[in-house]
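Trainee: I am attaching a structure below and will ask some questions about it afterwards.
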Amino acid sequence: RRPPRSTLSSSSAASDVYKRQYQRRVRAQASAANAKPVKRAKTAGFIPPGAGKNDRNAFGRQFDRHFHVPDRIALAPTSLVEAVNDFHYAMMNDTPRNEFYYNLLKAHIIPGETGVLEIGAGSGLLSMMAAKLGAKWVVAVEGSKEMCELAKCNIAQNNLQDKITVLNMLSTNLELGDLPARPDVLVSEIFGTLLLGESALDYIEDVRHRKILKPDTKIIPQHGVQYAVPIECPTLDKICGVSSWNGIDLSMVNSLRDTASVVFTKKYGFRMSTIPFKRLSEPIPVLSIDFAKTKMGFAADKQNFKVKATESGTAHAMLLFWKSEDYTSKTEETDANKLVMSTDPADTLDNFPRDMQWGQAIQLLDATNPILPTEEEESSAKGNVIPASALPQPVVWTKGEEYNVSCVSSDDHVILQFTA
């Protein structure tokens, strides 16, 4: 259904596939004026694992012949096997997540009347929820052939094969004729560790724009906010920096500290909810989205925020998490009928599966102004010893003071970067 959500960052090895896809898109856009027109498959954002024509590298081929690989996975796409084992099991065992979707579907499905479309169906769980709640019809769209077959098996195991139709395609290739009618409800769970990390807005806006949906189709969930907050966390220094050992100065190694990339906590092997840290401000709402209305390009690729420090300390990193919310009432939006799904560490302390499928993201901070070198400077610096002035400098905040925080993003807001 998608790339590994908890290991996809601009600095991790697991993000290489996505980075190459993104870079290819940028290069293609840059050279479009000189390129001959070609017929392309319709996509939005990146292609989920196992769904691309070039994503057919069999899992068994990465082992030497004398190793045993079970037949059930030997010919499956490597990216799909890795994705399922990386986060699908944790995702399906995230009970509060499942309850969030079940309660919203229950509130918006009228038995025998409501048609439901799910995009990014994966195992088919959300579609089966809708069917069991009495939806008139359910269509589940899934890009991976293998996941489609598994979803069909799950659906048959639950005797719901007469109520759910599974289509093997990307939702960007879905046509109105593929559906019994325009859906009354669109449900999806295509969030990543970053809210838009799996191009949720791309895919949802696409079916909105092409009028696959009715003007009043209920989108579940409808709202989402990507947050960032500066944190003091000395523990990070133990795995992301070094000073000395036994009187031996090792600090020059810090010249290679990556303060440019947003990295997922799962890569580091810890949960933010289980290590000590202090928030130095209120969370910054970097991206606020209404999936029923928001369009691509809704936010500038560079945003500046004035942030007041609520605590004093060293801002070791920006902590990124998101919250998605919706309402069980069709006419009234109040706290009494609001449901929230969150990756804030304060909300995942007792939810191990959520931290293993989504978790949070961090970007280490550096007070040095981020000035990119010219090509001449970059060339002349090769092979030279890195000067002490190149070492990253701490970002120190004082309670009550106001500071500038900048966020730059890719055009689809999948990749973010902060300076403070």
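The values are calculated or read from the model by the stated rules, or taken from the named source; none is laboratory data. These numbers come from a predicted model, not from an experiment. Note that we place each Cβ from the backbone using ideal geometry, even for glycine, and neighbour counts take in every protein chain shown. These area figures cover heavy atoms from the full protein model, side chains too; ligands, DNA and RNA do not enter into them. Shrake-Rupley method; radii C 1.70, N 1.55, O 1.52, S 1.80 Å.
Trainee: Using a 1.4 angstrom probe on the protein heavy atoms only, could you order 101, 268 from most to least accessible area?
Mentor: Solvent-accessible surface, decreasing: 268, 101.
Trainee: Further question: Would you count, across the stretch 43-180, every pair of lysines whose alpha carbons are under 21 angstrom apart, provided the pair is eight or more residues apart or spans two chains?
Mentor: Going through the stretch 43-180 pair by pair, I get 10.
Trainee: Also: Probe 1.4 Å, all protein chains in place: accessible area of residue 279 in Å², nearest 10?
Mentor: 60 Å²
Trainee: What net charge do the residues around residue 244 carry, taking every other residue with its C-beta under 15 Å from that of residue 244, with Lys and Arg at +1 and Asp and Glu at -1?
Mentor: Every neighbour counted, the sum reads -1.
Trainee: Moving on. Which of the peptides 138-146, 230-238 is most tightly packed, and how do the rest follow, judged by the mean count of other Cβ atoms within 10 Å per residue? Walk me through the numbers on the way to the answer.
Mentor: Numbers: 138-146: 25.3, 230-238: 18.0.
In decreasing order of mean packing, 138-146, 230-238 become 138-146, 230-238.
Trainee: Considering amide H positions built from the backbone, and no H for Pro or chain starts, which residues 5 or more places from residue 366, or on another chain, come under 5 Å of its amide H?
Mentor: Those qualifying (amide H under 5 Å, at least 5 residues apart or on another chain) are 420.
Trainee: I'd like to check one number: the per residue accessible area of the stretch 191-294, probe 1.4 Å, reported in Å² as a whole number.
Mentor: 44 Å²
Trainee: What is the spread of the Cα atoms of the stretch 250-369 along each of their three principal axes, largest first, in whole Å?
Mentor: Principal-axis extents of the stretch 250-369 (Cα, largest first): 61, 35, 28 Å.
Trainee: When only the heavy atoms of the protein chains count and the probe is 1.4 Å, how do 203, 89 rank by accessible area, highest first?
Mentor: 89, 203
Trainee: Taking the alpha-carbon distance from residue 399 and a cut-off under 17 Å, which aspartates and glutamates remain once sequence neighbours fewer than 8 residues away in the same chain are dropped?
Mentor: Of all the aspartates and glutamates, those that pass the test against residue 399 - Cα under 17 Å, at least 8 places apart if same chain - are 232, 282, 311.
Trainee: Express in whole angstrom the spacing between the alpha-carbon centres of the stretch 82-142 and the stretch 286-326.
Mentor: First find each Cα centre; the distance between them is then 28 Å.
Trainee: Would you kindly find the accessible area of residue 206, with a 1.4 Å probe and non-protein molecules such as ligands, DNA and RNA excluded, rounding to the nearest 10 Å²?
Mentor: For residue 206, the solvent-accessible surface is approximately 30 Å².
Trainee: Considering only the other residues whose Cβ falls under 14 Å of the Cβ of residue 72, what net charge follows from Lys and Arg at +1 and Asp and Glu at -1?
Mentor: Neighbour charge sum, excluding residue 72 itself: -3.
Trainee: How would 325, 118 rank on accessible area, largest to smallest, probe 1.4 Å?
Mentor: On the way: 325 55, 118 5 Å².
The ordering from most to least exposed comes out as 325, 118.
Trainee: At a probe size of 1.4 Å, how large is the accessible area of residue 113, to the nearest 10 Å²?
Mentor: 120 Å²
Trainee: Roughly speaking, what is the stretch gain from residue 162 to residue 311, that is 0.36 nm per residue apart minus the C-alpha to C-alpha distance, in nm to one decimal? Let's see the in-between values first.
Mentor: Working: separation 149, 0.36 × 149 = 53.64 nm, distance 5.77 nm.
That pair, residue 162 and residue 311, stretches by 47.9 nm at full extension.
Trainee: I need the calculated FRET efficiency for the pair residue 244 and residue 402, taking r as the beta carbon distance and R₀ as 25 Å, to the nearest 0.05.
Mentor: 0.10
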